[in-house]
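Beneath this line is the structure, given in structure tokens, with notes to follow.
We did not get these values from a lab; they are worked out from the coordinates using the rules stated. Just so it is clear, the model here is predicted, and its values are computed rather than measured. A quick note on method: Cβ atoms are made from the backbone with ideal geometry, for glycine too, and the neighbour counts reach across all protein chains shown.
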Amino acid sequence: MEPFAARIAGTPPHLTLLPMSRRHVRRASDLVGYVIDEEALQALIIAGDPVVYEIYEPEVPDAEGHLVFGLTVLYPGRIGPEYHLTKGHFHIRRATAEVYHCLHGTGYLVMQDGEGSFRAVALLPGAVAYVPPGWAHRSVNTGEEPLVLLYVYPGGAGHDYETVRRQGFSHVVVEVDGRAEVLPRDAVRRRVKGG
Ligand code: F6R
Ligand code: ZN
């Protein structure tokens, strides 16, 4: 392929990437199995199944030797107590890392390795976050504006969503008295189930 330059277009918070050849839209219904409050999620789906995040990518082959890059735009909102989040995944080829650069908004990049160690890295405009090889990763928007993230990862890394859907992350990012807190998932789940 030929060298090229993509362009981050628009004015914050309405940013996109041009030229864009792939656009993925993830709605509330795509998050079934990934959130704690499944009842709140079903209510959202019935009420119109809103878009939670979008992904824009230029034409880079998802193949070894390439660096796939793009923009994730994660819209503000909550599903029950949890702030809007991406599904999250391990890379199938565990020995592949990823870089995220926060262009707009506020939130967390939450990460967990295969042994269950958990980390939450704050995302603010200008932050450049590093996902080491072997760490599952998920973005969470704790603000009131879209969280816009530029990401770069090795082509051919592949995406393992199933492990995250089955096991979840040990901690979740929830609203408590108007503020974002990172809390153990099991404690939050007990509270949600108990009403
Ligand atoms: C790619 C990557 C990001 C995410 C995107 C959406 O390896 O980490 O591009 O794919 O932020 O999140 P998921 O893929 O978890 O739905
Ligand atoms: Zn990734």
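Residue by residue through region 59-73, note down the ones that are closer than 16 Å to residue 100 by Cα and either away from ligand 2 (no atom under 14 Å from the Cβ) or in contact with a Cys (Cβ under 8 Å, 6 or more places away or on another chain) (or both). Residue satisfying the conditions is 73 alone. Scanning region 148-172 for residues that are within 13 Å of ligand 1 (Cβ to nearest atom), aliphatic (A, V, I, L, M) and closer than 15 Å to residue 87 by Cβ yields 149, 164. Contact map, region 31-58: first residue on the phi > 0 side of the Ramachandran plot, second residue assigned to a loop (DSSP other than H, G, I, E, B) and β-branched (Val, Ile, Thr), Cβ cut-off under 6 Å, separation 6 or more or different chains; the map is empty. Condition check for residue 152 on (1) crowded, with 16+ Cβ neighbours inside 10 Å; (2) within 15 Å of ligand 2 (Cβ to nearest atom); (3) among the β-branched types (Val, Ile, Thr); (4) within 23 Å of residue 16 (Cα to Cα): one failure, at (1).
Residue-level analysis places residue 67 outside the set of residues that are surrounded by 19 or more Cβ atoms within 10 Å (Cβ to Cβ) and under 26 Å from residue 164 (Cβ atoms). The lone criterion from (1) of a type in the set (Ser, Thr, Tyr); (2) free of Cβ contacts under 8 Å to residues at least 12 places away in the same chain; (3) surrounded by 19 or more Cβ atoms within 10 Å (Cβ to Cβ) left unmet by residue 117 is number (3). Here is the figure for region 1-53: residues that are aromatic (Phe, Trp, Tyr) and within 21 Å of the chain's Cα centre (by Cα) total 2.
Test residue 77 against the stated conditions and say whether it is more than 17 Å from residue 153 (Cβ to Cβ) and either hydroxyl-bearing (Ser, Thr, Tyr) or under 14 Å from the mean Cα position of the chain (by Cα) (or both). Before you say what the answer is, go through the steps one by one.
Details: more than 17 Å from residue 153 (Cβ to Cβ): yes; either hydroxyl-bearing (Ser, Thr, Tyr) or under 14 Å from the mean Cα position of the chain (by Cα) (or both): yes.
Judged against the criteria, residue 77 is a match.
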